[in-house]
1. Just the residues that are within 21 Å of residue 197 (Cβ to Cβ) and touching a Ser or Thr at 6+ places or on another chain (Cβ under 7 Å), please, taken from region 306-343.
2. Just to be sure I understand, how many residues within region 190-211 are over 30 Å from the mean Cα position of the chain (by Cα) and in a helix (DSSP H, G or I)?
3. Within region 267-290, identify whether any single residue is surrounded by fewer than 18 Cβ atoms within 10 Å (Cβ to Cβ), at pLDDT 95 or above and hydrophobic (A, V, I, L, M, F, W, C), and answer yes or no.
4. Looking for something in contact with a Pro (Cβ under 9 Å, 6 or more places away or on another chain), loosely packed, with under 15 Cβ neighbours inside 10 Å and small (Gly, Ala, Ser) - is there at least one such residue anywhere in region 181-204?
5. Quick one: residue 349 ticks every box in (1) within 19 Å of the chain's Cα centre (by Cα); (2) among the hydroxyl-bearing types (Ser, Thr, Tyr); (3) surrounded by 20 or more Cβ atoms within 10 Å (Cβ to Cβ) bar one, so which box is it?
6. So, of the residues in region 408-430 that are touching a Phe, Trp or Tyr at 6+ places or on another chain (Cβ under 9 Å) and outside any loop (DSSP other than H, G, I, E, B), which turns out to be modelled with the highest pLDDT?
7. Restricting the search to region 46-66, which residues are within 23 Å of the chain's Cα centre (by Cα) and either loosely packed, with under 14 Cβ neighbours inside 10 Å or within 25 Å of residue 337 (Cβ to Cβ) (or both)?
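The values are calculated or read from the model by the stated rules, or taken from the named source; none is laboratory data. It should be emphasised that the depicted structure is a prediction, and the values quoted were computed from it without experimental measurement. With ideal geometry, Cβ positions are generated from the backbone for all residues, glycine too; neighbour counts draw on all protein chains shown.
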Amino acid sequence: MAPPAGTTVINWNWCTPTITRHILNYTVVFGVTATLMTSTPRRSFLRYASIPVLLYLCASIFRSSQATFPRNEVFLADWGCTAYDVFLHAVTLLLLQDIDSSDPLISKPHSGRPPSYLVQFWRAMSYCVNARGINTPYQIKNVPAFDSKKPDWVPSRRRFLLTNTMWLFALYAVQDLLYSQELSVADEIRFLGVDCENFFIRNPQDGPITSDQLGYRVAITMLVWSLLIPLAVNLQYTFLSLVAVGTGLSEPRNWPPAFGAARDSYTLRLFWGKFWHQTLRWHLSKPAQFITHAVLRLPHKGLVQRYVNILCVFMLSGVMHAGQSYMMLQRQGIELRQKAALREMAFFTTMAVGIMIEDGVQWLFRNEKERKGEQEEGFVLWKRIVGYVWVWGAMILVAPFIDYPKFRARLPTWLPAHLWGLFWQSEALQ
């Protein structure tokens, strides 16, 4: 077992000095958005006229990410594509949610007096970085509590900083350890060979899927979607929370856990709506509602609009993740990058269709019980087991289509330092 080839203790490819300009570009977008929120009324012409300006500024975020992370494909994909999220969030705040200076949070008295413009501006800025609308009138649904047994409990600032600092080091160490693992060339060909992700339509030379390949598929899919991705997201989220609360810019109550409980993932709707992180929900659901009701002119009630809206949310998410895959695989050639992007769109569309299917099955089941005059049941173990099999069976079937190409690319660690490298070096010297 050894770290990926070429890995050193310090990841000199993590970023370039242009990271300061990259951060400045975010600040400019947030500042423009906050200025429009506090200085213009709802549905103001200036807000609509600002769309090209916001597009240009978000394009600057994208361009600066390419200069900042030229050899760090994972961070390039993550932070380059945040330009898409930042733009949608700005449009949500200015045009779809119509937040202005009369907003209850922005206009709340400060020290017993009406807030000054600077206070209003600062509060508007907080909206720009509050992706879930925490502790605002627009807070999204299913935000996890700090303690599931005491939903209203919030840790003190001291406890929050201490706990999250320890959590940050633990997350970093585990993430670094996982990045230190590497498949042998023989195992890579065996488990991750070209088109190994295709479950049914196999290359004749490969033959039918073997029990080893199936076992690897099950294990790696569950590992990636229950551990690896949550670890990576939580690591970045915890770091940002420490910066925000440690500097006094924010309070612990504004930083509840990013993910819900894995035990809630017994339907696809709950997997994506309750267990998975909801940092994209607000600025994807509002544009989706706009497309459903304003563009397609569907009514606000009914099954058709409900599922068209769900499909739009997942497709908007698919666009962002398609961009991430395209950028992450920048060394793999244009054909593979385009294929990976299309697979991301297909994956998220499949998830929306899966939710429609499970809703239909649940409706038929409830309808049959009502026809027989049976009472609603509470927790039923076999139903939960069937639910988990359904959700993870669906993930095991389709997730490798977007995961395996990234594994084959052998992307280097995105972390700034490879702490386990000290262990590998000391082991090599013995």
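1. 314, 318, 340, 341 - these are the residues of region 306-343 that are within 21 Å of residue 197 (Cβ to Cβ) and touching a Ser or Thr at 6+ places or on another chain (Cβ under 7 Å).
2. Residues in region 190-211 being over 30 Å from the mean Cα position of the chain (by Cα) and in a helix (DSSP H, G or I): 2 in total.
3. yes
4. Checked region 181-204: no residue is in contact with a Pro (Cβ under 9 Å, 6 or more places away or on another chain), loosely packed, with under 15 Cβ neighbours inside 10 Å and small (Gly, Ala, Ser).
5. (3)
6. 417
7. As a first pass, look at region 46-66 and keep what is within 23 Å of the chain's Cα centre (by Cα): 54-55, 57-66.
Listed by number, the residues that qualify are 55, 58, 59, 60, 61, 62, 63, 64, 65, 66.
One line per residue, one yes/no per condition, for (1) touching a Leu at 6+ places or on another chain (Cβ under 9 Å); (2) within 20 Å of residue 351 (Cα to Cα); (3) of a type in the set (A, V, I, L, M):
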{"site": "222", "(1), (2), (3)": "no, yes, yes"}
{"site": "234", "(1), (2), (3)": "yes, no, no"}
{"site": "277", "(1), (2), (3)": "no, yes, no"}
{"site": "297", "(1), (2), (3)": "no, no, no"}
